[in-house]
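Report on the structure given below.
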Amino acid sequence: MIKIGMMAVGLAVAGSALGASIVSGDARRGEQLFQTQQCITCHSFNGKGGTIAPDLSKRIDRDYTPAVMASLMWNHAPQMWSTMTKQGVSRPTLTAQSAADLFAYFISARYFERPGDAARGKLAFTEEHCADCHGITSSPVAGAPPVAKWESLSDAVVLAQQMWNHGAKMHEAFAQRKLAWGRLTSQELTDMLVYLQNLPETKGRAANFEIPPAEEGEKLFQSKGCVNCHAGATALENMLKNQTMTDIAVDMWDHQPNMKQPSPVFTADEMRQIVSYIWARQYFKGSGSAERGKKVFTAKKCTTCHDDPASGAPKLGKGKDAHSDITMVAALWGHGPRMLEMMGQKKINWPRFSAQEMSDVIAYLNSL
């Protein structure tokens, strides 16, 4: 795992299908919440914290998406609440804002990325001809910045931006050397990042990951001409589901030779806005089916309370705010204990959801 220090994260999370409702999160607040809400009493992170529950930094897996996290938190909530009571830990209540902060914290720590291997990364850095031009502290080719000066190592958005902006020039350099274009996989780039971020010259560098509100992103997507190609079957909103920032950086790199030239150039801030508009919206939207979600909602007996005005449970889907993995986690911690009590009175078992079922229910609630 890559060890990353405090990160400033502004995570824009789309709450509606059109991305109109945004909950911004901050990893700095998320890290503080992880401690002040006493999550760290049971869970550890990077070896620091309790041992009753798993070390969350070790739960890194490419399939460990926000939907998976939301479903696991939901499924294990009664057990977690029981353990917290035994440990004398007060149960936290989370707003959508604080839930977004926690998700931002996990993203900043590369929680949803693939595990990487520094040895493989060192080998890939050579075999993919990166080392032909880029040295660690000084480079053999004039104009090729050494790794020690790469801002992209500490900022995933800058990584995507620079891989995109420099792609055309790199493609030229490959052609001059009569080398095939160095296509990458997400695993190869992850391995290289693990290797490069843990060098003595770069290790411990404070990282940064900011995603601003997405209002300007749509305008940029049009003004930069992205919309001219990415529409219909090639619309990015249909292609970026569950993609991590490393996946996106690789896709942009591999796509560069097929781009119409000259391709648009992005500043770091422009890339953040584009990423906020397209990626964050899709990353938390999931791939649910409202039709399946309606069946799940009924099969799990959610209708027993939520369709009964006398139960006191809210009629879901009728508010102005749409639902996402983040709002489901906020609802769980805000109202879950009362839900568990009511279900006990009605002799209904606590519902368990797979990640797909969670996404389906969210899609169903958003369709109402």
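Cα gyration tensor of segment 185-303, axes a ≥ b ≥ c as square roots of the eigenvalues: rounded (a/c below 1.5), prolate (a/b > b/c) or oblate? Because a/c hits 1.5 or more and a/b fails to exceed b/c, segment 185-303 counts as oblate. Only helices enter the 222 nm calculation for the chain: every DSSP H run of n ≥ 4 contributes -39,500 (n - 2.57), and dividing by all residues gives -14500 deg cm²/dmol, rounded to 500. How much net charge surrounds Gln162 when only other residues with a Cβ under 12 Å from its Cβ are counted (Lys, Arg +1; Asp, Glu -1)? That works out to 0. Peptides 76-83, 230-237, 38-45 ranked from most to least packed by the mean count of surrounding Cβ atoms within 10 Å: 38-45, 76-83, 230-237.
A full extension of the chain between Ala119 and Thr185 corresponds to an added length of 22.1 nm, given 0.36 nm per residue minus the alpha carbon distance.
Taking a point 7 Å out from the Cα of Asp132 in the direction of its Cβ, the residues of segment 155-183 whose backbone N falls within less than 13 Å of it are 170-183.
Ordering of 258-268, 189-199 by packing is 189-199, 258-268, highest average first (other Cβ atoms within 10 Å, averaged per residue). For the chain, the antiparallel share of DSSP beta bridges with both residues in that region comes to about 75%.
Taking every alpha-carbon pair under 8 Å whose residues sit at least 6 apart, the chain reaches a relative contact order of 26 percent. Membrane-span-like helices in the chain, defined purely by DSSP H runs whose alpha carbon atoms cover 27 Å or more axially and whose average Kyte-Doolittle hydropathy reaches -0.5, are 66-87, 325-345. Under the shape rule built on the C-alpha gyration tensor, where the axes satisfy a ≥ b ≥ c, segment 290-367 is rounded, since a/c falls short of 1.5. Using the Cβ-Cβ distance between Gln79 and Thr303 with R0 set to 25 Å, the FRET efficiency works out to roughly 0.50. Kirkwood Rh and Cα-based Rg: tell me the resulting Rg over Rh for the chain, rounded to two decimals. Expressed as Rg/Rh, it is 1.01. Each peptide in 119-126, 29-36 receives the mean, over its residues, of other Cβ atoms within 10 Å, and ordering these scores from highest gives 29-36, 119-126.
Bear in mind that the values in this text are calculations on the coordinates, not laboratory data. Given the structure is predicted, the values throughout are model-derived calculations rather than measurements. Please note: Cβ atoms are built from the backbone with ideal geometry, for glycine as well, and neighbour counts cover all protein chains shown.
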